[in-house]
Amino acid sequence: MEDDINTMHRYRDALVVKSGGPYERHAFGAYVLFPWFDEENYENHPFYKSIDEVNIGGFQFLPNATKLVERFVERLVNSNPEELQEEGILPRGSIDYWESGLEEKVLVVPINKRELYLAAKQKKQVTIHAGTLRKGWERAKYVSLYVTRPVSKELSVENGIRFYGEIDRIDLQGKQGIMFVHFHVKAWQTLPHVIRPVGYGIQNHLLTTIQLLKQAEELPELFMKSGEEMKLWRMLRRLTTKVRTTLDTTILDRAKKILAYQIGFYSVDLDTEKGEIHVSYFGERQQTIPLSMLEKDPNRVFKILRDILFKD
């Protein structure tokens, strides 16, 4: 058994080396099924623990002892590609998840004047006051346009975010002692649907990811930053598309945290200090889920949420 697992480690190393570079959206794992009678205590066995550690190990498997295998398969089936990427351990040539193509940064810029919109669409140029730019803006690979309501009404265009484009080059220009940054875009691309403001707005700019930009339906969803926030949101979106994200302020670039995810009269919130997920109905606590379970057993969290939110 131990020789088999060591062999699988060498096979996986060879696959990564053969690739000759980093991977995106790939998870490598290898598992041995073997007879073992003590199912409850097997979870503490080194062969089982190594699955979480390096994605290689062994499962106890008998006709009447299939719980661990079933739970693992359900976890794979119910996980999205991003979650599988997080769980796939690559021994060589690996890249950090946040540096992968899935997490390329997007600078979302408010377009609050007619001339800014016309310059963006016609000249493929977006201009920002250099003094308003916050730390991290230089990591942006894309620029996206948030069209405010006044501009939307004046030009009869959609209010919200519909267009984004890859940055071609960046120029700095001074005017009357004030520095401006000009982002030149290769070409504008269109999102499949407009990201609606739903009462929220952006004052200066917001840094988000291309993955969130393509998945979001409402503006506050672009605020999500932590892995737990995104994992929980995606999990809820698998249950229903009617998930409303509530922030501590209506101005995204001033917001500090997500208060809750609203689904009808239910709310789901993260308490990172206590390490808990809270599910409430009309403000009354219905369930407390350990936050650690979101990482260790997301399929179980999914089932708990499904059973509470759709118990009728």
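FYI, it's all coordinate maths here, none of it is from the lab. Predicted model only: the values in this text are computed from it and were never measured. Reconstructed Cβ throughout: ideal geometry from the backbone, glycine too, with neighbour counts over all protein chains shown.
If a/c stays under 1.5 just call it rounded; otherwise compare a/b with b/c (prolate if a/b is bigger, oblate if not). Do that for segment 203-242, with a ≥ b ≥ c from the square roots of the Cα gyration tensor eigenvalues. Judged from the Cα gyration tensor, segment 203-242 comes out prolate (a/c at least 1.5, a/b above b/c).
Which order do the peptides 170-181, 135-146, 205-216, 60-71 take when ranked by the mean count of other beta-carbon atoms within 10 Å per residue, highest first?
Per-residue mean Cβ counts within 10 Å order the peptides as 205-216, 135-146, 60-71, 170-181.
Extension gain for the segment residue 104 to residue 182, taken as residue separation times 0.36 nm less the Cα-Cα distance, is 26.1 nm to one decimal. Between segment 198-257 and segment 258-292, the C-alpha centres lie 16 angstrom from each other. In order along segment 286-303, the phi-based Karplus estimate (6.51 cos²θ - 1.76 cosθ + 1.60, θ = phi - 60°) of 3J(HN,Hα) comes to 9, 7, 10, 10, x, 4, 4, 5, 4, 8, 7, 9, x, 5, 5, 4, 4, 5 Hz; Gly and Pro are listed as x. Put simply, the amide H of residue 36, placed in the peptide plane, has neighbours under 5 Å in 61, leaving out anything fewer than 5 places away on its chain.
Charged side chains reduced to their Cβ positions (Lys and Arg at +1, Asp and Glu at -1) give segment 104-216 a dipole of some 80 debye around its Cα centre. Taken one residue at a time, the phi angles of segment 119-125 give Karplus couplings (6.51, -1.76, 1.60, θ = phi - 60°) of 5, 5, 6, 8, 9, 6, 9 Hz. Gly and Pro are set to x. If you sort the three axes of the alpha carbon gyration tensor as a ≥ b ≥ c, you get a/c of 1.5 or more for segment 161-204 and a/b no higher than b/c, which makes it oblate. A crude spin-label estimate for the pair residue 288 and residue 300, with each label 7 Å from Cα along the Cβ direction, gives 1.7 nm.
Note on segment 224-312: the C-alpha convex hull projects to 5.7 nm² when averaged across all orientations.
Dipole magnitude for segment 224-312: about 340 debye, using +1 per Lys or Arg Cβ and -1 per Asp or Glu Cβ, origin at the Cα centre. Note on residue 238 and residue 62: the model spin-label points, each 7 Å out from Cα along the C-beta direction, lie 3.1 nm apart. In a DSSP loop and with at most 11 other Cβ atoms within 10 Å, the trypsin sites (Lys or Arg not before Pro) in segment 236-288 are 242, 256, 274. For segment 104-216, the Kirkwood estimate of hydrodynamic radius, built from reciprocal distances between every pair of different alpha carbons, is 14.2 Å. Computing FRET efficiency as 1/(1 + (r/R0)^6) for residue 173 and residue 139, where r is the C-beta to C-beta distance and R0 is 22 Å, gives about 0.55.
Find how much the distance from residue 278 to residue 257 grows on full extension, using 0.36 nm per residue of separation minus their present alpha carbon separation; answer in nm with one decimal. Walk me through the numbers before you get to the answer.
Details: separation 21, 0.36 × 21 = 7.56 nm, distance 1.54 nm.
Additional length available on full extension: 6.0 nm.
Across segment 32-37, rounded Karplus estimates of 3J(HN,Hα) from the backbone phi angles (6.51 cos²θ - 1.76 cosθ + 1.60, θ = phi - 60°) give 9, 9, 8, x, 7, 8 Hz, Gly and Pro being marked x. Backbone N atoms of segment 162-197 closer than 14 Å to the 7 Å Cα→Cβ label point of residue 125 belong to residues 168-175, 180-186.
Treating the beta-carbon of each Lys and Arg as +1 and of each Asp and Glu as -1, no other charges, what is the dipole magnitude of segment 271-312 about its Cα centre, to the nearest 20 debye? Dipole magnitude for segment 271-312 comes out near 160 debye. FRET efficiency for the pair residue 45 and residue 218, taken as 1/(1 + (r/R0)^6) with r the Cβ-Cβ distance and R0 = 41 Å, rounds to 0.35.
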